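Structure first, then comments.
The values are calculated or read from the model by the stated rules, or taken from the named source; none is laboratory data. Computed from a predicted model, the values in this text were never measured in an experiment. Glycine also receives a Cβ, built like all others from the backbone with ideal geometry; neighbour counts cover every protein chain displayed. The protein model used for the area step is the full one, side chains on, heavy atoms only, and it has no ligands, DNA or RNA in it. Shrake-Rupley method; radii C 1.70, N 1.55, O 1.52, S 1.80 Å.
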Protein chains: 4
Amino acid sequence: MEAGMKALVLEEKNKLNLRDFSVSETMGPSDVKIAIKACGICGSDVHYYTNGRIGDFVVESPMILGHEASGVVLETGADVKNVRAGDRVCMEPGIPDFTSGETLRGMYNLDPAVRFWATPPIHGCLRETVVHPASFCFTLPDNVSFHEGALVEPLAIGFYAAKKARVSPGDTALVIGAGTIGIVTALAAGAAGCSKVYIADIKKGKLDFINQHYSGAIQTINLNETSIQSFFSKNKITGVDLVFEASGSIKAYDGICDYLVPGGRMILVGMPSAPAPLDVVAMQVKEISVETIFRYANIYPLAINTIASGKLNVKPLVTKCFPFDRSLEAFEYAAAMPERDVKIMIDLD
Amino acid sequence: MEAGMKALVLEEKNKLNLRDFSVSETMGPSDVKIAIKACGICGSDVHYYTNGRIGDFVVESPMILGHEASGVVLETGADVKNVRAGDRVCMEPGIPDFTSGETLRGMYNLDPAVRFWATPPIHGCLRETVVHPASFCFTLPDNVSFHEGALVEPLAIGFYAAKKARVSPGDTALVIGAGTIGIVTALAAGAAGCSKVYIADIKKGKLDFINQHYSGAIQTINLNETSIQSFFSKNKITGVDLVFEASGSIKAYDGICDYLVPGGRMILVGMPSAPAPLDVVAMQVKEISVETIFRYANIYPLAINTIASGKLNVKPLVTKCFPFDRSLEAFEYAAAMPERDVKIMIDLD
Amino acid sequence: MEAGMKALVLEEKNKLNLRDFSVSETMGPSDVKIAIKACGICGSDVHYYTNGRIGDFVVESPMILGHEASGVVLETGADVKNVRAGDRVCMEPGIPDFTSGETLRGMYNLDPAVRFWATPPIHGCLRETVVHPASFCFTLPDNVSFHEGALVEPLAIGFYAAKKARVSPGDTALVIGAGTIGIVTALAAGAAGCSKVYIADIKKGKLDFINQHYSGAIQTINLNETSIQSFFSKNKITGVDLVFEASGSIKAYDGICDYLVPGGRMILVGMPSAPAPLDVVAMQVKEISVETIFRYANIYPLAINTIASGKLNVKPLVTKCFPFDRSLEAFEYAAAMPERDVKIMIDLD
Amino acid sequence: MEAGMKALVLEEKNKLNLRDFSVSETMGPSDVKIAIKACGICGSDVHYYTNGRIGDFVVESPMILGHEASGVVLETGADVKNVRAGDRVCMEPGIPDFTSGETLRGMYNLDPAVRFWATPPIHGCLRETVVHPASFCFTLPDNVSFHEGALVEPLAIGFYAAKKARVSPGDTALVIGAGTIGIVTALAAGAAGCSKVYIADIKKGKLDFINQHYSGAIQTINLNETSIQSFFSKNKITGVDLVFEASGSIKAYDGICDYLVPGGRMILVGMPSAPAPLDVVAMQVKEISVETIFRYANIYPLAINTIASGKLNVKPLVTKCFPFDRSLEAFEYAAAMPERDVKIMIDLD
């Protein structure tokens, strides 16, 4: 089935059009059709726009951008039970081969066959409607807005990191890197039971944002003024239970074991561009373990429930909104985003 | 060394005296001496008072009551490093054989040799001073009061239950039983990352207390008005991830698997007086697992950090205070405690 | 597609026919067609034969029996990559909804929509050919026979129990019940690293079988001659790390905590017909945890690898074979199976 | 108490004497005195002999060598219950502060206060008798020899690695490095349930030893003839579940993620002399996790039970024995140990 609709199309590197586009989509018995209502702009969207590629993923033909979305169910396949037409939903953007070994083992995010929105050659969801498997659509409670629904995608990364961290209630955590992912990881670590969450970065704008909106939940460390080591020793912190590396910087690995208590754990969220030097002996004397994450799996309901509970206020994360017809402007803004912005949201309809 | 001091002594069943008492205590190089400042009254204290025994533990000679205490360090042994004279501390009341197999495996609470305050024949801490191993004394941050310090003991049970539950952030939980232990378990489950915590009981006074002080964190189910099953189906709850059984009632086990989602977990906190009938097949079709707890181990720092962080306000739990010299009155009150009371606290000095 | 073939059909309770049967099967792009070579008779097959039902599962129309099978791939769908025509395979018999929440969480065995061979109204595999999802077909190494391939199904239960037990190398285990499931559980516990595996039963024939074939791996406890308690105290066994309940008898729960060390674990494999009385306080003082299993998930490759490695010799388990055309005789034999028999195998072709 | 006895004393670097030596030892109520019967020579013993130091641990005054020992209990303190005079035992050589936080959390091996035999300035056990905490003495079953008892120490490292690997039965493993630690790790991985264990090294003598004695349990990869990558692709191994790094070589980390399946785990046993470059993104796309170990904790009973069970034959590991009075010769031999030797044992008495 060819569906013609308005869509934000990356024609090629640096060339973005909001135009009519025909998407070939078949709606199966387990699928639903959704009218998109809100879609956040991710760093990867911007990167495809400005670079035309991310690693081996190259934009070789016009591709619709966007993967952080919420919307309203228009239509459901015959076998669909979890949602109904009219339901407000958000959607998990990476669809695996449901019969793969990885899926059957509960790690569908690791299936090499995953088709992920706005990862070439798969179209994203910055368009009027999208067809999606019902099992990757999640109802939003009444008190969760479309913006919050769209935020579930980036938040899911933080939640997944926090889940893999196996937080014991009262644990303390350090997040290295205060970009969007660092912030959602810090928020998730707090929501997961950490009694104290520190976040360290050199970007003052990001730290100011955190201090303004999340001072009760997260304590900032300004790396322009102090090192983590100095901050810890000045504040008599002998170590944290968990370190989340969310900067993707090689330098973050320097002395990273020193921040941890014996039996501590590192969760590697950031993706460094080169091998990271790990002091194995320093890890061994404290028996530090390491978890890594790739996107997320089975996280959406947990994140939605937590937003709905009021325990985690993600609204401040949306620092700027644009209507769909000003999408190009939104991407220009996002490409030169001020430090104090976190998430740019596009509203459809 | 014989230390004479004022102490609350259970002479025998139903006979309590506040009087001078000589306690034989040796202070070793790893011990500290503490001036007690606050001590909560536990159900077990009341039970020894009114029954003279709990199971096989029989009060056969005068015994000082009390095990939920905080105080100030007066003196430290030569090898003590973690606390100093003048430090405000709370104390973990069960001292194991430090060289036992259970201790070495990290489960010192299961060591049969544990000497627990106010469990015959071990004296409790409702007295002026006590000598205690430094490793079982924990410094209270400035923003944690003596009352809160004394509350760490009952709270530790809830925290331990929540830790053993291995909460994933966003999980949902049901606590059966809204006594003191049920309440601290529900609070700990929330602090551990549960997005929703239900608590069910027949005691309206307890539920009122929770609704008044913790309505944001805990949702009550009044079992006089509805069954859990009905409440769930009315509220479209298909199941929770975790059930904490904190009532100790055999009846609580009836249909308990129905409250859980596939892969759910039961944590048994309450101590029923007879074997509980468990529907094994109902457990199997959902692969429900069960954890049990006995007191707690390695929990005090986690609980103290969480109180200090402001994420968990335990202050409302202290519903009534008595000065030390009115201890007998305090026990009379506790023995006939109104439903809306939770914790009776005795202030020393 | 209607496929006519010879099949062992349970027409109704007590009425079995080996006859031509038309099976309606569609072969999709992810499916394979397999020629069945061997199929074991399970207690459930016999039970449907003699009772016409198991619990709520009632044989209401003619149904092909059998679910423990191996065979040769005849044909593969367009998308199949893991097997090729001519491959020798064994098949996992329970097919979930691949897009269900349970499947996505890695617990596809708990999906209520599972279609399991020879569970009404789903046909089994005692027939010439079967169409099956490729992801539930597993290649047999050259040194694994069709008989061993068919044995993977019951063995998978034992393996799954052992996996869920989270055996530490050197742990000790007690298996209660020496039926087929008890035996495969004991073998799996040994293969999973247990240094000592005890198995207890009253059936002398079963114990004789074990003593004859597996005396090095499993030590038998004859409950006609001694209780487990007496056996343990006589042999100075203070407790085992793991108890696998595989008898399905309520009586097995009597004093079951006494067999375990502090921190020990119970794995409930047997399905008792009534609620089992569990001594919660006895569990708590040792912090015993409980795992339950329902069939298995993600186990076939592990079990096949272990058989192929030579670490686990399952061949003795096949105590009697029948050719396909003597299937009725095989079922008669199985229905009155002598204690010393374990698995009756039917050879096709 | 000063005990004079014959001991193997490292006077200083390169200067070893078998001579009378006075050891100052106090026997407390929880201690036992043991007559040493066998003691293995560890690489660290040889290293102190030839270098006078290992990292920050410097031999500054005469020190008795040896920490892999077994013996006979001569005398027990008043509180000792687990062993009796006359018992054959082996001893865990690292004594923590029993009241430390690490000990109470079950990770006594990480306590900075650990006093470890033959780690300056703590004396080792190559002497006639030694006083040791009873809780670190483990009875040897009748079928476990003194040699096997002494081998428990190095074996414990492999067992601990295998325990931390959380092996599922049937998992496959690769051990990098076939030194003594690599060999015991490979043996422990097999004993822990791995269906297939590969070991890779360049030292042909080590691989020959393994092929001769453990060909059924471990498959060797000769890195002079092939890379691991080539070996895997030639043998159609798409990946193993577990990689144990036991070489301590930085080069081992090159491409290490390629050996693992999605969800695989690395256990770092070897101690590289510089930071190891870890390809974080390669880890993330497979969500590879990392465990590290420092010596071992709570492993002796597990290892002893496994040896006693006959599941693990460690006897071939002792490739050369010397009587105590030829200890100097033993160390000369060990310092220039041929590749095909694994463990040099010294017999006392």
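For region C:303-330, the set of residues classified as open to solvent by less than 20 Å² (accessible area, probe 1.4 Å), within 13 Å of chain D (Cβ to nearest Cβ) and in a helix (DSSP H, G or I) consists of C:Ala303, C:Ile304, C:Thr306, C:Ile307, listed by residue number.
Criterion applied to B:Leu174, B:Leu207, B:Leu223 was being closer than 30 Å to A:Lys164 by Cα and of a type outside the set (S, T, N, Q), and the one residue passing it is B:Leu174.
Scanning region D:55-77 for residues that are farther than 26 Å from D:Phe146 by Cα and touching a residue at least 40 places away in the same chain (Cβ under 8 Å) yields a count of 6.
Scanning region A:298-346 for residues that are more than 23 Å from B:Ser168 (Cα to Cα), within 18 Å of the chain's Cα centre (by Cα) and among the polar types (S, T, N, Q) turns up just one, A:Thr319. Evaluating D:Pro154 against the criteria (1) within 13 Å of another protein chain (Cβ to nearest Cβ); (2) in a helix (DSSP H, G or I); (3) in contact with a helix residue (DSSP H, G or I) (Cβ under 7 Å, 6 or more places away or on another chain) leaves one unmet condition, (1). Taking the listed residues B:Glu287, B:Glu245, B:Glu332, the one that is of a type in the set (Asp, Glu) and closer than 30 Å to A:Gly190 by Cβ is B:Glu245, with no other qualifying. With respect to the conditions (1) open to solvent by less than 60 Å² (accessible area, probe 1.4 Å); (2) on the phi < 0 side of the Ramachandran plot, D:His213 lacks only one, and its number is (1). Determine, yes or no, whether C:Ala178 is closer than 16 Å to C:Leu317 by Cα, open to solvent by less than 10 Å² (accessible area, probe 1.4 Å) and either touching a helix residue (DSSP H, G or I) at 6+ places or on another chain (Cβ under 7 Å) or not hydrophobic (A, V, I, L, M, F, W, C) (or both). Yes: the conditions hold for C:Ala178. Name the residues in region C:42-68 that are of a type in the set (Val, Ile, Thr), open to solvent by 30 Å² or more (accessible area, probe 1.4 Å) and over 18 Å from the mean Cα position of the chain (by Cα), would you? C:Thr50, C:Val58, listed by residue number. Taken over region A:83-120, the residue count meeting the criterion of being among the hydrophobic types (A, V, I, L, M, F, W, C), open to solvent by less than 30 Å² (accessible area, probe 1.4 Å) and outside any loop (DSSP other than H, G, I, E, B) is 6. Selection over region A:262-292 of residues that are aliphatic (A, V, I, L, M), closer than 18 Å to D:Lys286 by Cα and open to solvent by 10 Å² or more (accessible area, probe 1.4 Å) gives a count of 3. Taking the conditions exactly as written (within 12 Å of chain B (Cβ to nearest Cβ) and of a type in the set (Val, Ile, Thr)), does A:Thr180 satisfy them or not? No. The residue list A:Thr76, A:Thr103 contains one member that is modelled with pLDDT of 95 or more and under 22 Å from the mean Cα position of the chain (by Cα), which is A:Thr103.
For region A:250-299, residues that are in a strand (DSSP E or B) and not aliphatic (A, V, I, L, M) total 8. Per the conditions (1) in a loop (DSSP other than H, G, I, E, B); (2) more than 26 Å from B:Asp79 (Cα to Cα); (3) free of Cβ contacts under 8 Å to residues at least 60 places away in the same chain, the sole criterion not satisfied by D:Val80 is (2).
Per-residue answers, yes or no, for (1) hydroxyl-bearing (Ser, Thr, Tyr); (2) at the interface with another protein chain (Cβ under 7 Å from one of its Cβ atoms):
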| residue | (1), (2) |
| --- | --- |
| A:Gly270 | no, no |
| A:Ser289 | yes, yes |
| A:Thr292 | yes, yes |
| A:Tyr300 | yes, no |
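Does C:Tyr333 meet the test of being assigned to a loop (DSSP other than H, G, I, E, B), touching a residue at least 12 places away in the same chain (Cβ under 8 Å) and of a type in the set (Phe, Trp, Tyr)? Judged against the criteria, C:Tyr333 is not a match. Among the residues of region D:226-249, just one is in a strand (DSSP E or B) and open to solvent by 30 Å² or more (accessible area, probe 1.4 Å), namely D:Asp241. Test each condition in (1) under 23 Å from D:Ile299 (Cβ atoms); (2) under 22 Å from the mean Cα position of the chain (by Cα) for D:Asp87 and report the one that comes out false. Here D:Asp87 meets the rest and fails (2). Is region D:186-195 home to any residue that is part of a loop (DSSP other than H, G, I, E, B), open to solvent by less than 10 Å² (accessible area, probe 1.4 Å) and among the hydrophobic types (A, V, I, L, M, F, W, C)? For region D:186-195, residues part of a loop (DSSP other than H, G, I, E, B), open to solvent by less than 10 Å² (accessible area, probe 1.4 Å) and among the hydrophobic types (A, V, I, L, M, F, W, C): present. As a summary of the residue check, C:Glu25 satisfies the conditions (1) modelled with pLDDT of 95 or more; (2) among the charged types (D, E, K, R); (3) more than 26 Å from B:Val281 (Cβ to Cβ) except for the one numbered (1). In region B:216-225, which residues are part of a loop (DSSP other than H, G, I, E, B) and modelled with pLDDT of 95 or more? Answer for region B:216-225, where residues must be part of a loop (DSSP other than H, G, I, E, B) and modelled with pLDDT of 95 or more: B:Ile218, B:Leu223, B:Asn224, B:Glu225. Every test in (1) in a loop (DSSP other than H, G, I, E, B); (2) away from chain B (no Cβ under 13 Å); (3) closer than 30 Å to B:Ala297 by Cβ is passed by A:Leu174 save one, and that test is (1).
For region A:157-171, filtered to residues that are of a type outside the set (Ser, Thr, Tyr) and open to solvent by 10 Å² or more (accessible area, probe 1.4 Å), the residue that is farthest from the other protein chains (Cβ to nearest Cβ) is A:Ile157. D:Glu11 passes every criterion in (1) farther than 30 Å from D:Met271 by Cβ; (2) surrounded by fewer than 17 Cβ atoms within 10 Å (Cβ to Cβ) apart from (1). Counting the residues of region C:16-41 that are in contact with a helix residue (DSSP H, G or I) (Cβ under 7 Å, 6 or more places away or on another chain), open to solvent by 40 Å² or more (accessible area, probe 1.4 Å) and aliphatic (A, V, I, L, M) gives 1. Residues in region B:303-344 that are of a type outside the set (D, E, K, R) and within 30 Å of A:Val240 (Cβ to Cβ): 13 in all.
When region C:121-133 is filtered for residues that are crowded, with 22+ Cβ neighbours inside 10 Å and either within 14 Å of chain A (Cβ to nearest Cβ) or within 16 Å of the chain's Cα centre (by Cα) (or both), the ones remaining, listed by number, are C:Gly124, C:Cys125, C:His132.
Just one residue in the set C:Thr172, C:Thr185 is more than 27 Å from C:Val9 (Cβ to Cβ) and either modelled with pLDDT under 95 or over 19 Å from the mean Cα position of the chain (by Cα) (or both); that residue is C:Thr172. Here D:Ser30 clears all of (1) at pLDDT 95 or above; (2) under 20 Å from D:Ala330 (Cβ atoms) except the condition numbered (2).
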